[in-house]
Each structure stands twice: as structure tokens, then as C-alpha cells.
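Trainee: Before I ask anything, here is the structure I am working with.
The values are calculated or read from the model by the stated rules, or taken from the named source; none is laboratory data. Please read all numbers here as calculations on a predicted model, not as lab measurements. Don't worry about glycine lacking a Cβ; one is built from the backbone with ideal geometry, like all the others, and counts go over all protein chains shown. The area values use the complete protein model at the heavy-atom level, side chains included, leaving out ligands, DNA and RNA. Shrake-Rupley method; radii C 1.70, N 1.55, O 1.52, S 1.80 Å.
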Amino acid sequence: MEIKPIYGGIRLSYETPDCSLPVTMDTYSTCGFQCHYCFAWMEKATNPSVRNRQRKGDFITKINFDRVKKMFLGLAKDQQGKKFYEVFIKNRKVVQWGGLNEPFDNIEANEGESLKLVKFFKEINYPIRICTKGAKVLMKPEYIEAFKGSTNFVMMWTIITTDDEMAKKIEVGAPVSSERFKAMKIYHELGIPQIIRIRPFLQGLTSECWEDLIKKAKECGAEAISTEWLCIQRMAGVEVRERYEKLSKILGYDIFEYYRKFSASAISYMRLNPKIKE
């Protein structure tokens with residue numbers, strides 16, 4: 001199947017008012033991993049037009065590499081490209097790469113579009129923070145070589161458990177935790193700053209191993225932590241509720257009811273109350 005280069009890819013996050021990195025970028029319009037907790041998948045599942053395209057299987061597109069180059073070099077002709085350059089790129093604002101979708105998944109393994117972008121951003125030394133689980137792709141020699149000698153990247157690895165078997169069940173299709181730790185260490189040794197992203201923090205899973213998780217990350221070169229507890233959509237549709245049910249079976253408790261009972265606000269987007277988090 002031909003993947004057309006028509007995906008917008010670069011955009012402002014809808015969390016711009018309280019986000020320190022408002023410019024976010026994705027290489028592909030979807031993710032090759034199927035993590036049961038994925039907020040991006042759940043957002044798309046509530047959008048009828050996106051959901052219908054997902055069912056048809058014709059929803060995968062990729063970023064236009066030439067357009068990205070022109071935008072970052074200040075050569076874009078379109079209004080959006082010009083604005084992004086003037087406001088953000090010219091001022092070297094850090095770009096978050098991997099906002100809604102994984103840049104180094106099995107789609108990337110076939111397409112190689114992210115590899116081209118790595119080489120370009122390294123060449124212009126543009127500051128990029130990468131959010132990833134894509135250890136298998138990133139441990140390929142050509143990717144390690146592409147990153148070697150770079151000074152413009154920071155890598156943030158999403159890891160929520162030290163238990164590989166649980167990771168397989170919840171983060172379907174993604175490399176297991178031990179593979180991500182291995183990749184983190186490799187890239188730390190290349191001199192690239194590493195962050196562990198413990199998101200989402202899951203009660204009954206992350207709560208059982210968070211200390212070991214942090215210690216292991218430090219051993220592999222992590223210098224910082226990002227964390228956030230899982231949030232639940234109270235008004236979830238059938239497909240989203242099915243994801244919650246799968247997660248509940250794996251974790252051993254009704255996650256929807258747990259959040260309904262212990263959330264600070266149970267009206268729409270349910271977040272656990274501060275006492276539970278403490």
C-alpha cells in the first residue's frame with residue numbers, strides 16, 4: 001500500500017495555554033502500536049470521520065518531507081509555513097516529536113521517513129525532543145549512525161512497568177520495557193540526554209514498580225522524569241469502553257468504576273483525586 005505524503009504533521013498543541021512545548025510533530029497519521037491506554041486513539045475513536053477511515057484501512061498518510069525542509073529553512077510559500085517559521089522556528093523553539101503517534105514504529109520500519117527527518121534536523125542542528133517507545137527501530141545500525149554526533153536531540157522514553165509480560169499485554173505491538181531500557185542506554189552512551197516518561201501511571205501496575213522503574217532508568221542514563229496518572233473519559237463510546245474493559249481484565253479491577261469512585265471530578269474527564277495519587 002502506498003502511503004501518500006499528505007499528512008500535515010506539524011501543528012500547535014491544543015494544550016498550548018499550559019504547554020511549554022506547543023509545537024508538536026508526527027511523522028505518520030496513525031501509530032503502528034496498539035496500546036490499550038492510548039489517549040490519541042481514544043480521541044480519534046470519538047471522531048466519526050476519523051473512525052470511519054480507520055475501519056476502511058485507508059487512514060495512513062505521512063508527513064511531506066520537502067514541505068518540512070522548506071518550513072525549517074524559511075522557504076515555505078504557504079501562510080502556515082511562514083507563520084511557523086517566523087514565530088517558532090526562527091526563534092529555535094523546541095519541537096516535540098511524537099505527540100499523537102509513534103515516530104519509530106513498524107510503519108517507520110517500512111517507510112524510513114523519520115530517518116530522513118533525523119538526518120535533516122541533525123544537519124541544521126534544530127532542537128527536538130523525541131517521545132518514543134520505538135526501541136526496535138532505533139536500535140538498527142542506520143538509526144544509531146544517524147544520531148551519532150548530534151547535539152540537538154533529547155529522547156524521552158515512555159516506560160510504565162518493569163514487567164515485560166505486562167508490557168506485552170497492555171502496549172500491544174510495542175517493544176517491551178527491557179528493550180526500551182537497552183535503547184535508552186545506547187543513546188545515552190551516544191551523548192544524547194535521556195528522560196523517562198512514566199505516563200500513564202497505572203494503579204496496580206506502575207504503583208507496584210515505580211521505584212525500580214526510576215532506578216533502572218537512572219542506570220540507563222535518564223536525567224529527568226515526566227509522569228502523569230491515567231485519565232478516563234466518562235462519556236466514552238463503545239469502542240473506547242472496550243479498551244477500558246481490556247485494560248481492566250489485565251489489571252484485575254474495573255478501572256472505569258475505580259475512576260468514577262475516586263476522581264476529583266467525575267463529570268467528563270476523570271482524573272484521580274490528589275489523595276489517591278499521594
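Trainee: Could you check Ile6 against (1) modelled with pLDDT of 90 or more; (2) open to solvent by 40 Å² or more (accessible area, probe 1.4 Å); (3) touching a Pro at 6+ places or on another chain (Cβ under 6 Å) and say which number it fails?
Mentor: In the conditions (1) modelled with pLDDT of 90 or more; (2) open to solvent by 40 Å² or more (accessible area, probe 1.4 Å); (3) touching a Pro at 6+ places or on another chain (Cβ under 6 Å), Ile6 misses (3) alone.
Trainee: I'd like the residue in segment 217-229 that is in contact with a Phe, Trp or Tyr (Cβ under 6 Å, 6 or more places away or on another chain) and not polar (S, T, N, Q) and, out of all such residues, is least open to solvent (accessible area, probe 1.4 Å).
Mentor: If we take residues in segment 217-229 being in contact with a Phe, Trp or Tyr (Cβ under 6 Å, 6 or more places away or on another chain) and not polar (S, T, N, Q), then Cys220 is least open to solvent (accessible area, probe 1.4 Å).
Trainee: Is it true that some residue in segment 249-264 is hydroxyl-bearing (Ser, Thr, Tyr), in contact (Cβ under 8 Å) with a residue 24 or more places away in the chain, part of a loop (DSSP other than H, G, I, E, B) and open to solvent by less than 80 Å² (accessible area, probe 1.4 Å)?
Mentor: Checked segment 249-264: at least one residue is hydroxyl-bearing (Ser, Thr, Tyr), in contact (Cβ under 8 Å) with a residue 24 or more places away in the chain, part of a loop (DSSP other than H, G, I, E, B) and open to solvent by less than 80 Å² (accessible area, probe 1.4 Å).
Trainee: Something else now. Tally up the residues in segment 199-211 that are without any contact (Cβ under 8 Å) to a residue 40 or more places away in the chain and touching a strand residue (DSSP E or B) at 6+ places or on another chain (Cβ under 9 Å), please.
Mentor: Here the count works out to 2.
Trainee: Do you know which residues across segment 131-188 are assigned to a helix (DSSP H, G or I) and either among the β-branched types (Val, Ile, Thr) or touching a residue at least 60 places away in the same chain (Cβ under 8 Å) (or both)?
Mentor: Val137, Ile144, Met166, Lys169, Ile170, Ile186
Trainee: Same structure, new question: Just checking, which of Tyr28, Tyr37 is modelled with pLDDT of 90 or more and within 22 Å of Glu111 (Cα to Cα)?
Mentor: Step by step, each of Tyr28, Tyr37 is checked, and only Tyr28 is modelled with pLDDT of 90 or more and within 22 Å of Glu111 (Cα to Cα).
Trainee: Also: Tyr126 is checked against (1) outside any loop (DSSP other than H, G, I, E, B); (2) open to solvent by less than 10 Å² (accessible area, probe 1.4 Å) and fails just one. What number does that condition carry?
Mentor: Result: Tyr126 passes all but (1).
Trainee: Going by what's in this entry, would Val118 be described as in contact (Cβ under 8 Å) with a residue 12 or more places away in the chain and either in a helix (DSSP H, G or I) or of a type in the set (A, V, I, L, M) (or both)?
Mentor: Considered against the rule, which asks whether it is in contact (Cβ under 8 Å) with a residue 12 or more places away in the chain and either in a helix (DSSP H, G or I) or of a type in the set (A, V, I, L, M) (or both), Val118 comes out as yes.
Trainee: Return yes or no: is Ile160 open to solvent by 30 Å² or more (accessible area, probe 1.4 Å) and touching a Phe, Trp or Tyr at 6+ places or on another chain (Cβ under 8 Å)? Working first, answer last.
Mentor: Values: open to solvent by 30 Å² or more (accessible area, probe 1.4 Å): no; touching a Phe, Trp or Tyr at 6+ places or on another chain (Cβ under 8 Å): yes.
Answer is no for this residue.
Trainee: Taking segment 66-99 only, how many residues are out of contact with any Gly (no Cβ under 9 Å at 6 or more places or on another chain), in a loop (DSSP other than H, G, I, E, B) and among the charged types (D, E, K, R)?
Mentor: 4
Trainee: Does at least one position in segment 69-91 carry a residue that is open to solvent by 30 Å² or more (accessible area, probe 1.4 Å), within 30 Å of Arg241 (Cβ to Cβ) and either modelled with pLDDT of 95 or more or not charged (D, E, K, R) (or both)?
Mentor: no
Trainee: Another one. For Glu211, only one of the following conditions fails: (1) open to solvent by 20 Å² or more (accessible area, probe 1.4 Å); (2) modelled with pLDDT under 95. What is its number?
Mentor: Only one criterion is unmet by Glu211, namely (2).
Trainee: Within segment 153-162, identify whether any single residue is over 14 Å from the mean Cα position of the chain (by Cα) and within 22 Å of Trp41 (Cα to Cα), and answer yes or no.
Mentor: Yes; the residues of segment 153-162 include at least one that is over 14 Å from the mean Cα position of the chain (by Cα) and within 22 Å of Trp41 (Cα to Cα).
Trainee: Can you tell me which residue is surrounded by the most Cβ atoms within 10 Å (Cβ to Cβ) among those in segment 129-152 that are of a type in the set (Lys, Arg) and within 17 Å of the chain's Cα centre (by Cα)?
Mentor: We begin by selecting, within segment 129-152, every residue of a type in the set (Lys, Arg); these are 129, 133, 136, 140, 148.
With within 17 Å of the chain's Cα centre (by Cα) added as a condition, the list becomes 129, 133, 136.
On the way: Arg129: 17, Lys133: 28, Lys136: 19.
Within segment 129-152, the match that is surrounded by the most Cβ atoms within 10 Å (Cβ to Cβ) is Lys133.
Trainee: Looking at (1) over 12 Å from His36 (Cα atoms); (2) in contact with a Lys or Arg (Cβ under 9 Å, 6 or more places away or on another chain); (3) open to solvent by 50 Å² or more (accessible area, probe 1.4 Å), which is the one condition that is false for Ala236?
Mentor: The one condition Ala236 does not meet is (3).
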